[in-house]
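First comes the structure, then the notes that go with it.
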There are 2 protein chains.
Amino acid sequence: MTNQAAVGTAPTFNNGVNVDALFETVEAVKAAPQIADFQFRLSNRWLGGDHNRSTVVGFHGACEDHDHMKGPFTLDNAEPPVLLGGGTAPNPVEYILHALAGCLTTTMVYHAAARGVSLTSVSSELEGDLDLRGFLGLDETVRKGFSTVRVTMRVESEADVETLESLVQFSPVYDIISKSLPVDVRVEKA
Amino acid sequence: MTNQAAVGTAPTFNNGVNVDALFETVEAVKAAPQIADFQFRLSNRWLGGDHNRSTVVGFHGACEDHDHMKGPFTLDNAEPPVLLGGGTAPNPVEYILHALAGCLTTTMVYHAAARGVSLTSVSSELEGDLDLRGFLGLDETVRKGFSTVRVTMRVESEADVETLESLVQFSPVYDIISKSLPVDVRVEKA
């Protein structure tokens, strides 16, 4: 579960991923599935108007709590002027596209590494269509979020397109966005 | 559609939101629905291993293309060491929680402003459960993304909890995550 090699043993890397550690992780999870239970956590605070800030301290996984060693990470949301904001940061739906781009890329890279497929470069372009009438409550037949998202990934690799497309099917964020998910929102008075 | 007031007229703000401009936007969209058609865009590039970077230059909305005046924004994804990464940035599913927290907050703030509800403070805590066996392909019955997401929002306001809960139902990211959405991923050889 770590990228530390035993002393005197050079780990095998593919696509910058420690493949020995990846297979060790798979074997560890097979032997003890509770290792696979992760919980990601974050807190957020409103800073006024369109501006709010998240803090990411750590997470739970592999049977213990972890702090982000290079954290805590802070992330800001804002809105552009045309959406009545100060434009100081990306907005939440742009972060959704960022999460999707990153997860598709990392999933392709890790699964390619596990299958012995080398990648030279990966880049992607994303578009998400959003009809503001949903958010504004002007038409109940218009959904509030994206109506559709398009992703084009350009990959330099000896592997064929079908193989590369099969790898990204394992992406957690692709699953989160494309499929429905129970989201429990509770509001409490402070 | 802007937060510029007419010369000599002080705009009305509530919760830091220009309520006059918000109602002008609503009226403009009612008169010309194509104003509501937004397209958010982003590009991403793999930097090796667990690390990739998105660039957000601009978007389309209100019938024209806009550059982020304080951008382009760059956003990094990475993975912590226990997930075989260098831990230099949040990971994609943490960005999903950030997008959700921000969107619920901004939605509450804007819709409260429109209804004349003042908010003093908004903070939130989020948790997302993820069973890594889905990503690893070890069990087809385990989903790859979050199995569930919990959000607790703490709000200082004279409004009651039911009113506050009704406001966040307009959140685009809540819609994106909680409901299924067509995501078209195409892979091309570079």
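Throughout, read-outs are computed from the coordinates displayed, never taken from laboratory work. Values in this document were obtained by computation on a predicted structure and should not be read as measured data. All Cβ positions, glycine included, derive from the backbone under ideal geometry; neighbour counts span all protein chains shown.
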In deg cm²/dmol, rounded to the nearest 500, the helical mean residue ellipticity at 222 nm of chain A, built from -39500 (n - 2.57) for every DSSP H run of length 4 or more, is -9000 deg cm²/dmol
Taking every residue of A:117-127, the Cβ atoms of other protein chains inside 10 Å of its Cβ average out to 5
The lysines whose Cα lies under 24 Å from the Cα of A:Lys30, excluding any fewer than 8 residues away in the same chain, are B:Lys144
If each K or R counts +1 and each D or E counts -1, the residues other than A:Val149 whose Cβ falls under 14 Å of its Cβ total -2
Expected sort for B:Met108, A:Met153, A:Met69 with the fewest Cβ neighbours (10 Å cutoff) up front is A:Met69, A:Met153, B:Met108
Copies of A:Asp160 compared via label points 7 Å along Cα→Cβ give distances in nm, shortest first, of 6.4
Within the set B:Val117, B:Val155, B:Val29, GNM on chain B using Cα springs under 10 Å gives the largest fluctuation to B:Val29
With Cα springs under 10 Å, the Gaussian network model of chain A assigns the largest mean-square fluctuation among A:Leu47, A:Leu119, A:Leu136 to A:Leu136
By the Kirkwood definition, with r running over pairs of different Cα atoms, the range B:1-139 has a hydrodynamic radius in Å of 18.6 Å
Here the whole-number average of other chain Cβ atoms within 10 Å per Cβ of B:136-142 is 4
Listed with the fewest Cβ neighbours within 10 Å leading, B:Ser178, B:Ser124 appear as B:Ser178, B:Ser124
Listed by chain and number, the residues whose amide H is under 5 Å from that of B:Gly87, excluding neighbours fewer than 5 places away on the same chain and using placed H, are B:Glu79
Checked against the positive end of the charge dipole of the range A:1-138 (+1 on Cβ of Lys and Arg, -1 on Cβ of Asp and Glu, about the Cα centre), the farthest of A:Leu130, A:Gly58, A:Leu83 is A:Gly58
homo-copy label distances at B:Lys70 (7 angstrom along Cα-Cβ), nm, one dp, ascending, are 2.4
Listed with the fewest Cβ neighbours within 10 Å leading, A:Phe135, A:Phe170, A:Phe23 appear as A:Phe23, A:Phe170, A:Phe135
Label points for B:Glu188 built 7 Å along Cα→Cβ; distances to same position in the other copies, nm, shortest first, come to 5.0
Summed over the other residues with a beta carbon less than 13 angstrom from that of B:Lys189, with K and R at +1 and D and E at -1, the charge totals -4
Env charge @ A:Asp50, Cβ radius under 11 Å, K,R +1 / D,E -1, value -2
